[in-house]
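Participant: Sending over a structure as structure tokens; questions will come in a sec.
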Amino acid sequence: MKLFHRLRDTFGLIQRLAWRVYKRARLDLWFPHILLAGAVGGAGLLALLPTIKRYASEYLHLQLNGLFDALHPLNANVPELILQGVPSAVVGTLQIFIAIGLLLRSRLAWISALLITFTQGALALGYSHQSWHSGPFLYIAALFLALCVSGRDFQNSSIAAASLFATAATALLLTYGVLGSLILGDGFSPPIVTLPQAAYFTIVTMSTVGYGDIAPKTDEARLFVMSLIIVGITVFATSITAVVGPLVQGRLNRIIEPKRKRMKRVNHYIIAGNGPLAHNTARELLARDESVIVISDTDDDFGEAELVKGDPTELDVLRKAGAETAHAVLALSDDDAENAFVILALREVNTEAKKVAAVNSRKNLERVRRVQPDMILAPNVFGGEVLAMALTDEKIDSNSLMEKLLDARTKPG
């Protein structure tokens, strides 16, 4: 039993240390979406290199052989990192477009990146005669695993952005299918030699209708058709989900939670945190007919308060909760470091709201005071002092108690 408690305490300590590193390094601003966008976009750029080299030489009369020779260690296996027998320029453009969506933390871009990475891995292993320990396959596998574990960081599902992304993805997919059909035209029976034939075959294949009047007869053509079907189904499915999903979800929320109203975002109170202090404060403010918005990354029940899911240290989340026009923002998390970062984030928001920070440990009192909140609430420190005063029969002064409970000093020393 002692071993179990030690392991639990050690795991809890590791979690707290990791959380503090995450906050202090401001990883929420760049990790992991910027790294993943760079990895996906870099693969797309490498896929575009042969096309860039050819067109630079033919149309711009630029000789870039030295540059491309320098990039050869990276560029040598590019055809094995993309779909075999398919226009690499189209695949590279699609990957770069997906990378832009990843920078915006788009859910649709994340799903598309998962799909194209998984497809590349399967094709590299099954059709390019790559071993599982080869460089290209390991790169794809590492990127796919990184995308899988970072799904929670890609939750943006704006209808306008999703519609734009879905339209562009569909257009790129059609271009991919038409150009691939024309380039591999002799690999079909009958051969595809005209643009109408290529467009017809692409649409029939993407819709999985498959009339059978045009059929692939070579391995490259079959591989291309397989990739077109997989990518086509996924693009259509994710596009419909990204556009229709938020509308359906909003309607379901209104049906399931008819009592939860959208609070007026003027002179309201914002509570950041989900501990007992946050719950009790929200309940008391609601009992006084105040408008309360709670920022939390959980689905805890805060009664009539409006819930905004997200990280309260992020500027976008604070603005979504209406921090600019709030009467007060209360950082009431059980983590003192998080409360301090909420106050720091508020300084980047143009707001006159009163800033209140809770402190749970005496050793963090001066540290939180350095970020200069308008008020510091230290219930644990206060409780310990009151108990000590009562046990030692010390005279209890109500004014001094209030000063200890609501520490209004914002400057150290």
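What follows draws every value from the coordinates through simple rules; no lab data is involved. Since the structure is predicted, the reported quantities are computational estimates derived from the model, not experimental observations. Counting neighbours? That spans all protein chains shown, and the Cβs are built from the backbone with ideal geometry, glycine included.
Participant: Could you list which residues have their amide H under 5 Å from that of Val308, counting only those 5 or more apart in sequence or on another chain, with H placed in the peptide plane?
Facilitator: Result for Val308 returns Val294, Ile295, Ser296.
Participant: Also: Using 0.36 nm per residue of separation minus the Cα-Cα distance, give me the extension gain between Glu324 and Thr10 in nm, one decimal.
Facilitator: 109.0 nm
Participant: May I ask which of Lys363/Lys395; Lys309/Lys355; Lys320/Lys355 have a Cα-Cα span longer than 27 Å here?
Facilitator: Beyond 27 Å: nothing from the list.
Participant: Neighbouring Cβ atoms within 10 Å as the yardstick, rank Leu138, Leu285, Leu195 fewest first.
Facilitator: Exposure proxy ranking, most exposed first: Leu195, Leu138, Leu285.
Participant: Among Ser333, Ala358, Ile293, flag the residue with its Cα farthest along the positive direction of the charge dipole of the stretch 269-407, charges on Cβ as +1 for Lys/Arg and -1 for Asp/Glu.
Facilitator: Of the options given, the answer is Ala358.
Participant: Could you line up Asp335, Asp186, Asp289 from fewest to most neighbouring Cβ atoms inside 10 Å?
Facilitator: The order, fewest Cβ neighbours first, is Asp289, Asp186, Asp335.
Participant: So if we plug the beta-carbon distance of Ile229 and Thr167 into 1/(1 + (r/R0)^6) with R0 = 25 Å, what FRET efficiency do we get, rounded to 0.05?
Facilitator: Computed FRET efficiency for Ile229 and Thr167: 0.75.
Participant: Can you work out the Karplus-derived ³J(HN,Hα) for every residue in the stretch 221-230? Use 6.51 cos²θ - 1.76 cosθ + 1.60 with θ = phi - 60°, whole Hz, and x for glycine or proline.
Facilitator: Once rounded to whole Hz, the list reads 5, 5, 4, 4, 5, 4, 5, 5, 5, 4.
Participant: For the stretch 353-362, just list the computed ³J(HN,Hα) in residue order, Karplus coefficients 6.51, -1.76 and 1.60, θ = phi - 60°, integers in Hz, with x standing in for Gly and Pro.
Facilitator: 5, 6, 10, 10, 10, 8, 10, 9, 10, 4
Participant: Nearest 20 debye, what's the magnitude of the dipole of the stretch 269-407 about its Cα centre given +1 on Lys and Arg Cβ and -1 on Asp and Glu Cβ?
Facilitator: In debye, rounded to 20, the stretch 269-407 gives about 440.
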